[in-house]
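Notes to accompany the following structure.
The values are calculated or read from the model by the stated rules, or taken from the named source; none is laboratory data. These figures come from a predicted structure and were not determined experimentally. Cβ sites come from the backbone with ideal geometry, for glycine too, and all protein chains shown count toward neighbours. Each accessible area value is taken on the protein alone, full model and side chains, heavy atoms only, with ligands, DNA and RNA left out. Shrake-Rupley method; radii C 1.70, N 1.55, O 1.52, S 1.80 Å.
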Amino acid sequence: MSKSNLLQYDYDIIIIGGGPGGYAAGIYAARAGLKSLLVEGAATVSQITITDVIENYPGVPDEINGYDFMQLFKKQAAKFGLETAGFDITGIAGDETNSVWNVSAGGKNYRALAVIAATGAQWRKLGVPGENEFAGKGVSYCATCDGPFYRGRDVVVVGGGDSAIQEALFLTHFAGKVYVVHRRDRLRAAGLLQKRAFAEKKIEFVWNGTLEEITGSDLVTGVKIKNTVSGKIAEIKADGVFIFVGRIPNTSVFHGVLKLDDGGYIITDENMQTSAAGIFAAGDCRHKLFRQVVTAAGDGANAAFSAELYIGNLKGEAY
Ligand code: NAP
């Protein structure tokens with residue numbers, strides 16, 4: 001008798017998260033014949049669905065917006081029979097056999113042999129007037145995605161960490177001028193990045209500056225900056241505002257279950273295995289350097305394959 005007869009479970013795999021990482025995992029898991037459920041948050045939206053244009057996903061040469069792009073992932077997953085549901089996961093706990101994970105949501109419990117965490121991250125927002133209104137209309141949280149739209153134009157970068165400085169340097173390939181607005185008088189970014197940024201003629205630093213408002217009509221036309229020392233407000237004309245004041249991973253449900261890094265990101269090995277047997281992670285919720293649609297999708301495929309091997313062992317069906 002196969003070991004699987006002794007295990008009580010509803011799904012081989014439950015995938016948590018409906019972005020590129022989650023759907024890529026779902027496509028691979030369902031295509032491999034594993035009984036899989038993908039759960040999307042009831043109220044949350046994946047970062048990609050608010051991305052205006054994607055033009056750097058290999059094999060997709062025509063510009064496509066993030067929402068439409070996700071519909072293609074969903075169509076492909078449905079073709080392979082992936083089950084999907086929309087609710088917020090409230091807890092994850094192992095059972096006494098250490099072979100089944102109980103995933104709870106809305107008073108219900110779903111049992112799975114493996115879980116793939118693809119819960120993503122959200123950009124930390126500044127919470128200033130204009131930030132939400134001009135999202136996708138000049139306000140961006142991704143220079144790799146949106147930088148090429150600002151050829152020869154002036155942009156503002158907010159933040160003083162590695163992301164802000166690295167992305168400011170990237171933006172100099174396109175923009176006419178890059179203003180880096182930082183709330184203090186020195187950067188948090190690594191020394192090498194600082195050195196490069198200080199040597200870059202297109203970058204102008206605005207020290208001790210907090211962004212008070214993003215202005216415009218249909219599109220962004222500028223920002224108002226307050227000097228924290230003098231209290232004076234100055235205006236800068238710009239077509240784009242790139243905000244890099246940190247990210248917040250959506251991993252609260254994994255606290256106490258998985259090993260997280262100091263920033264709250266899930267730590268995995270190269271095969272997407274987390275610190276708990278049977279739980280894998282993919283995409284922006286994972287500790288890694290480069291967070292892009294293509295890297296999330298790659299993670300998802302890897303996580304599904306690792307989960308397939310794990311489940312095969314658990315069921316005594318490994319080849
Ligand atoms: P971060 O290191 O947390 O830096 C956030 C920056 O935003 C800081 O300069 C901070 O100012 C500023 N900030 C935070 N809240 C703000 C607010 N409300 N108003 C104005 N400014 C605000 O975040 P990150 O740059 O995204 O980096 C996250 C992690 O990824 C770091 O560990 C970083 O090393 C890593 N990373 C590495 C690389 C690389 O190795 N190439 C590239 C990107 C990111 P203060 O300095 O005053 O606190």
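Would a scan of region 214-227 turn up a residue that is within 16 Å of the ligand (Cβ to nearest atom) and on the phi > 0 side of the Ramachandran plot? There is no residue in region 214-227 that is within 16 Å of the ligand (Cβ to nearest atom) and on the phi > 0 side of the Ramachandran plot.
Checking each residue in region 190-204 for being modelled with pLDDT of 95 or more and in contact with a helix residue (DSSP H, G or I) (Cβ under 8 Å, 6 or more places away or on another chain) picks out Gln194, Arg196, Ala197, Glu200, Ile203. Filtered by the rule that a residue be acidic (Asp, Glu) and more than 12 Å from the ligand (Cβ to nearest atom), region 153-186 gives a lone residue, Asp154. Lys125 passes every criterion in (1) within 16 Å of the ligand (Cβ to nearest atom); (2) touching a strand residue (DSSP E or B) at 6+ places or on another chain (Cβ under 6 Å); (3) among the basic types (Lys, Arg) apart from (2). Of the conditions (1) over 18 Å from the mean Cα position of the chain (by Cα); (2) over 17 Å from Ile236 (Cβ atoms); (3) open to solvent by 60 Å² or more (accessible area, probe 1.4 Å); (4) not hydrophobic (A, V, I, L, M, F, W, C), Gln166 clears all except one; give me its number. With (1) over 18 Å from the mean Cα position of the chain (by Cα); (2) over 17 Å from Ile236 (Cβ atoms); (3) open to solvent by 60 Å² or more (accessible area, probe 1.4 Å); (4) not hydrophobic (A, V, I, L, M, F, W, C) applied to Gln166, the lone miss is (1).
Yes or no, residue by residue, for (1) modelled with pLDDT under 85; (2) under 19 Å from Ser99 (Cβ atoms); (3) of a type in the set (A, V, I, L, M, F, W, C); (4) crowded, with 22+ Cβ neighbours inside 10 Å:
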| residue | (1), (2), (3), (4) |
| --- | --- |
| Met1 | yes, yes, yes, no |
| Asn5 | yes, yes, no, no |
| Ile13 | no, yes, yes, yes |
| Gly17 | no, no, no, yes |
| Gly33 | no, no, no, no |
| Ala42 | yes, no, yes, no |
| Thr49 | yes, no, no, no |
| Gly59 | no, no, no, no |
| Glu63 | no, no, no, no |
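On the stretch given as region 130-152, residues that are of a type in the set (S, T, N, Q) and more than 14 Å from Phe244 (Cα to Cα) total 1. On the stretch given as region 291-319, residues that are in contact (Cβ under 8 Å) with a residue 12 or more places away in the chain and open to solvent by 50 Å² or more (accessible area, probe 1.4 Å) total 6. When region 78-92 is filtered for residues that are open to solvent by 30 Å² or more (accessible area, probe 1.4 Å), modelled with pLDDT of 95 or more and part of a strand (DSSP E or B), the ones remaining, listed by number, are Glu83, Thr84. The residues of region 263-319 that are of a type in the set (S, T, N, Q), closer than 21 Å to Tyr9 by Cβ and not in a loop (DSSP other than H, G, I, E, B), listed by number, are Gln273, Ser306, Asn313.
Across region 193-210, a minimum of one residue is classified as in contact (Cβ under 8 Å) with a residue 12 or more places away in the chain, over 14 Å from Ser140 (Cα atoms) and aromatic (Phe, Trp, Tyr). If you filter region 187-202 down to residues that are within 8 Å of the ligand (Cβ to nearest atom) and out of contact with any His (no Cβ under 9 Å at 6 or more places or on another chain), you find that the one that is most open to solvent (accessible area, probe 1.4 Å) is Ala190.
Residues in region 130-138: is at least one at positive phi and modelled with pLDDT of 95 or more?
So far as region 130-138 goes, yes, one or more of its residues are at positive phi and modelled with pLDDT of 95 or more.
Of all the listed residues (Asn109, Asn132), the sole one being away from the ligand (no atom under 16 Å from the Cβ) and either out of contact with any Leu (no Cβ under 9 Å at 6 or more places or on another chain) or not assigned by TED's automatic domain parsing to the domain that holds Ala276 (or both) is Asn109.
Looking at region 110-122, can you tell me whether even one residue there is open to solvent by less than 30 Å² (accessible area, probe 1.4 Å), in contact with a Gly (Cβ under 9 Å, 6 or more places away or on another chain), in a helix (DSSP H, G or I) and closer than 19 Å to Thr295 by Cβ? So far as region 110-122 goes, no, none of its residues is open to solvent by less than 30 Å² (accessible area, probe 1.4 Å), in contact with a Gly (Cβ under 9 Å, 6 or more places away or on another chain), in a helix (DSSP H, G or I) and closer than 19 Å to Thr295 by Cβ.
Please verify whether Lys75 is in a helix (DSSP H, G or I), more than 18 Å from the chain's Cα centre (by Cα) and among the charged types (D, E, K, R), treating the condition exactly as stated.
Answer is yes for this residue.
When region 247-274 is limited to residues that are touching a residue at least 40 places away in the same chain (Cβ under 8 Å), out of contact with any Phe, Trp or Tyr (no Cβ under 8 Å at 6 or more places or on another chain) and not aliphatic (A, V, I, L, M), the one that is nearest to the ligand (Cβ to nearest atom) turns out to be Tyr265.
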